Amino acid sequence: MKISKHINYKEATKSITAKRNGIDNTPGKTQVSNMRRIAGKVFEPLREAMGSIPIGVSSFFRSIELNRKIGGSANSQHCKGEAMDIDADIYGGVTNAEIFHWLRKNAIFDQLIWEFGTDQEPDWVHVSRVEKSNRGEVLVSYRGADNKAHYKYYKA
């Protein structure tokens, strides 16, 4: 089954942590519908704009149990199929910073997060999209003195 032209179901639900721990990471119909929306409205236009080069998806759907296991946010949009983590490092050819800036300028999204990394390059890019009333929130994540993830608003 395909989620979009360039994302298949296996890629969208794959998790080594789920496999190792016997966690079911199967989305329901609503989550698959949400996954198709973000893939079609955000990922595919990004990929086309970048010259159709392969762009890696490091995390897409996460079951609630899997999300808990990895220490994800209790209200993670990944659990609803509304968020994906994109990582250019998987294939190369484009940078995570290029992906972030293209999405910020061209996509309709709920949240866009420059995930960790440096001021020049995030480690990966988190993007989410909901059916209605997308906030267009742009954030940067960083590790605080407590070694936990913290967020601040992105300043262009």
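The values are calculated or read from the model by the stated rules, or taken from the named source; none is laboratory data. For clarity, every value in this text was computed on a predicted model and none was experimentally measured. Every residue, glycine as well, gets a Cβ built from its backbone with ideal geometry; the counts of neighbours run over all protein chains shown.
Tell me which of these GLU121 doesn't satisfy, since it passes every other one: (1) among the acidic types (Asp, Glu); (2) under 23 Å from MET35 (Cα atoms); (3) modelled with pLDDT of 95 or more.
For GLU121, the failing item is (2).
Out of curiosity, is VAL42 of a type outside the set (S, T, N, Q) and assigned to a strand (DSSP E or B)? Break it down into steps so the answer makes sense when it comes.
Details: of a type outside the set (S, T, N, Q): yes; assigned to a strand (DSSP E or B): no.
In short, no.
Would you tally the residues in the range 101-145 being in a loop (DSSP other than H, G, I, E, B) and on the phi < 0 side of the Ramachandran plot?
Total meeting the criteria: 18.
Of all residues in the range 116-141, which are farther than 16 Å from ASP85 by Cα and of a type outside the set (Lys, Arg)?
THR118, ASP119, GLN120, GLU131, SER133, ASN134, GLY136
Go through the residues of the range 15-35 one by one and say whether even a single one is among the aliphatic types (A, V, I, L, M), part of a helix (DSSP H, G or I) and surrounded by fewer than 16 Cβ atoms within 10 Å (Cβ to Cβ).
Taking the range 15-35 and keeping what is among the aliphatic types (A, V, I, L, M), we get 16, 18, 23, 32, 35.
Checking which are part of a helix (DSSP H, G or I) leaves us with 16, 18, 32, 35.
Next, only the ones that are surrounded by fewer than 16 Cβ atoms within 10 Å (Cβ to Cβ) stay: 16.
Within the range 15-35 (the criterion being among the aliphatic types (A, V, I, L, M), part of a helix (DSSP H, G or I) and surrounded by fewer than 16 Cβ atoms within 10 Å (Cβ to Cβ)), the answer is yes, since at least one residue qualifies.
Somewhere in the range 95-118, is a residue aromatic (Phe, Trp, Tyr) and touching a Lys or Arg at 6+ places or on another chain (Cβ under 6 Å)?
Within the range 95-118, one or more residues are aromatic (Phe, Trp, Tyr) and touching a Lys or Arg at 6+ places or on another chain (Cβ under 6 Å).
Need pairs with beta-carbon distance below 6 Å; first residue touching a residue at least 60 places away in the same chain (Cβ under 8 Å) and within 17 Å of GLU137 (Cα to Cα) and within the range 107-124, second buried (at least 18 other Cβ atoms within 10 Å of the Cβ) and among the hydrophobic types (A, V, I, L, M, F, W, C); sequence gap 6+ or separate chains.
These pairs meet every condition: ALA107/VAL42; PHE109/VAL127.
Somewhere in the range 81-89, is a residue surrounded by fewer than 23 Cβ atoms within 10 Å (Cβ to Cβ), at pLDDT below 95 and not in a loop (DSSP other than H, G, I, E, B)?
Yes; the residues of the range 81-89 include at least one that is surrounded by fewer than 23 Cβ atoms within 10 Å (Cβ to Cβ), at pLDDT below 95 and not in a loop (DSSP other than H, G, I, E, B).
Being closer than 16 Å to THR13 by Cβ and touching a helix residue (DSSP H, G or I) at 6+ places or on another chain (Cβ under 7 Å) is the filter here, so list the residues in the range 27-57 that pass it.
PRO27, GLN31, ASN34, MET35, GLY56, VAL57
Determine, yes or no, whether ASN34 is within 21 Å of VAL138 (Cα to Cα), touching a Gly at 6+ places or on another chain (Cβ under 7 Å) and polar (S, T, N, Q).
Spelling it out, ASN34 is indeed within 21 Å of VAL138 (Cα to Cα), touching a Gly at 6+ places or on another chain (Cβ under 7 Å) and polar (S, T, N, Q).
Residues checked against (1) modelled with pLDDT under 95; (2) in contact with a strand residue (DSSP E or B) (Cβ under 9 Å, 6 or more places away or on another chain):
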residue: ILE108; (1), (2): no, no
residue: VAL130; (1), (2): no, no
residue: GLU137; (1), (2): no, yes
residue: LYS148; (1), (2): yes, no
residue: LYS155; (1), (2): yes, yes
